[in-house]
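Notes follow the structure.
The values are calculated or read from the model by the stated rules, or taken from the named source; none is laboratory data. Since the structure is predicted, the reported quantities are computational estimates derived from the model, not experimental observations. Backbone-built Cβ (ideal geometry, glycine too); neighbour counts: all protein chains shown.
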Ligand code: PLP
């Protein structure tokens, strides 16, 4: 049975081009880029090229890139750095729908380190209220951390506009762009964003590599301290295979950027339309326009998401019922709850996240298989059957 992988917001396949680029650095080219000999020196050159490629993807300068172990480390580092460099300011402004890498870290800072967190809420479309953003960012704010795009719904936030407001108040702006990089064109040179986090494994590079963009001139205090690597901004011998892989993935993302993203969007839109047409009581979670091209979060009322996932798994379809980090717990998604999605739909919400490696046949297969699965599960559950009948009569 073919695997139809539609869980790319959880992680992506390492691209063949990336694999090829990484291989020599796992075998014969194992030098340490900090070594004085030429065996290490040539590796330093490859690290430099990867930094340049990534900077190019972001519209940034190579020296503004610090390689890290991934999105979580980058998020933690940006927030801690702002708090350390502006000790007179004790307030963090962030949203209720951040990834746990920001959300749980902010909760920790509030609970154990005495900082104040001002939480921004979202509306039923998953969008921020800019009036609330303006009210909550003040001269006491050290850092504003707002994700560029949400991992569960794909909803895109106006991060440049928020960065302007942060700047007016002398606060720093961080954005978790883990899901946005490679899917949204970026030019950080013309933005007031001070910090940006990204992660390799969401863009066809290996796991365990990421980067933090730090705008030139922004004061910085390192989180991981040790040797002088990364211009004293992140200690520890560089993960050279990961860095080279991330550079290759950045080059790949830029190649046919618009064509690939619009092809993926077309497939996502077809999937959405196909499912909404066939399955009764289905609803899209998240803003229909301001959304990543690859993400579809769809709620099937009166049915359990985990049961849908299991049945889809039997058909070779991989999707997700929340973010990878929160599935595994029975807690309903904090993102969908923050949006006020009705209880009956939160539990039956499924996230499909596509990539350049999906094709039209994958989409048609899901449209063919999923409606039957939902129908079967609703018929199995007396609760589902009755509620559905009531919902249909009410419509
Ligand atoms: N931020 C967002 C929006 C994510 O989706 C993820 C991963 O799911 C992370 C941060 C964490 O990244 P990493 O797995 O590289 O630590």
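Brief remarks on what is shown
- In the stretch 32-51, the residues that are in contact (Cβ under 8 Å) with a residue 12 or more places away in the chain and farther than 20 Å from residue 218 by Cβ: 32, 33, 34, 42, 43, 46, 47, 48, 49, 50
- Test: residue in the stretch 72-82 that is outside any helix (DSSP H, G or I), touching a strand residue (DSSP E or B) at 6+ places or on another chain (Cβ under 6 Å) and not assigned by TED's automatic domain parsing to the domain that holds residue 354: no
- The stretch 53-101, subset free of Cβ contacts under 8 Å to residues at least 24 places away in the same chain and in contact with a helix residue (DSSP H, G or I) (Cβ under 6 Å, 6 or more places away or on another chain), residue nearest to the ligand (Cβ to nearest atom): 55
- Evaluating residue 297 against the criteria (1) in contact with a strand residue (DSSP E or B) (Cβ under 7 Å, 6 or more places away or on another chain); (2) buried (at least 21 other Cβ atoms within 10 Å of the Cβ); (3) more than 25 Å from residue 179 (Cα to Cα) leaves one unmet condition, (3).
- Boolean, residue 43 is away from the ligand (no atom under 16 Å from the Cβ), surrounded by 21 or more Cβ atoms within 10 Å (Cβ to Cβ) and in a strand (DSSP E or B): no
- When restricted to residues that are more than 15 Å from the ligand (Cβ to nearest atom) and not in a loop (DSSP other than H, G, I, E, B), the stretch 233-249 contains 5.
- Residues in the stretch 203-228 that are farther than 26 Å from residue 32 by Cβ and without any contact (Cβ under 8 Å) to a residue 60 or more places away in the chain: 217, 218.
- Matching option when the condition is in contact with a strand residue (DSSP E or B) (Cβ under 9 Å, 6 or more places away or on another chain), within 30 Å of residue 63 (Cα to Cα) and at pLDDT 95 or above, among 253, 282, 249: 253
- Taking the stretch 15-36 as the range and being surrounded by 19 or more Cβ atoms within 10 Å (Cβ to Cβ) and either part of a loop (DSSP other than H, G, I, E, B) or in contact with a strand residue (DSSP E or B) (Cβ under 7 Å, 6 or more places away or on another chain) (or both) as the test, only 15 passes.
- Among the residues of this structure, residue 110 counts as one that is more than 25 Å from residue 62 (Cα to Cα) and either assigned by TED's automatic domain parsing to the domain that holds residue 342 or surrounded by fewer than 23 Cβ atoms within 10 Å (Cβ to Cβ) (or both).
- Search result, residues across the stretch 105-125 that are free of Cβ contacts under 8 Å to residues at least 40 places away in the same chain and assigned to a loop (DSSP other than H, G, I, E, B): 114, 115
- Matching residues in the stretch 108-128 - criterion: being under 30 Å from residue 283 (Cβ atoms) and either touching a helix residue (DSSP H, G or I) at 6+ places or on another chain (Cβ under 9 Å) or modelled with pLDDT under 95 (or both): 119, 120, 121, 122, 126, 128
- For residue 325, the test of being surrounded by fewer than 21 Cβ atoms within 10 Å (Cβ to Cβ), over 30 Å from residue 29 (Cα atoms), within 16 Å of the ligand (Cβ to nearest atom) and at pLDDT 95 or above is failed.
- Answer from 118, 134 - the residue that is in the same structural domain as residue 178 (by TED's automatic domain parsing) and under 19 Å from residue 195 (Cβ atoms): 118
- Residue check, residue 281 on the phi > 0 side of the Ramachandran plot and in contact with a helix residue (DSSP H, G or I) (Cβ under 7 Å, 6 or more places away or on another chain): yes
- Taken together, 296, 271, 276 contain a single residue that is touching a helix residue (DSSP H, G or I) at 6+ places or on another chain (Cβ under 9 Å), part of a helix (DSSP H, G or I) and not assigned by TED's automatic domain parsing to the domain that holds residue 225, which is 271.
- Being modelled with pLDDT under 95, within 26 Å of the chain's Cα centre (by Cα) and surrounded by 14 or more Cβ atoms within 10 Å (Cβ to Cβ) is a property that does not hold for residue 366.
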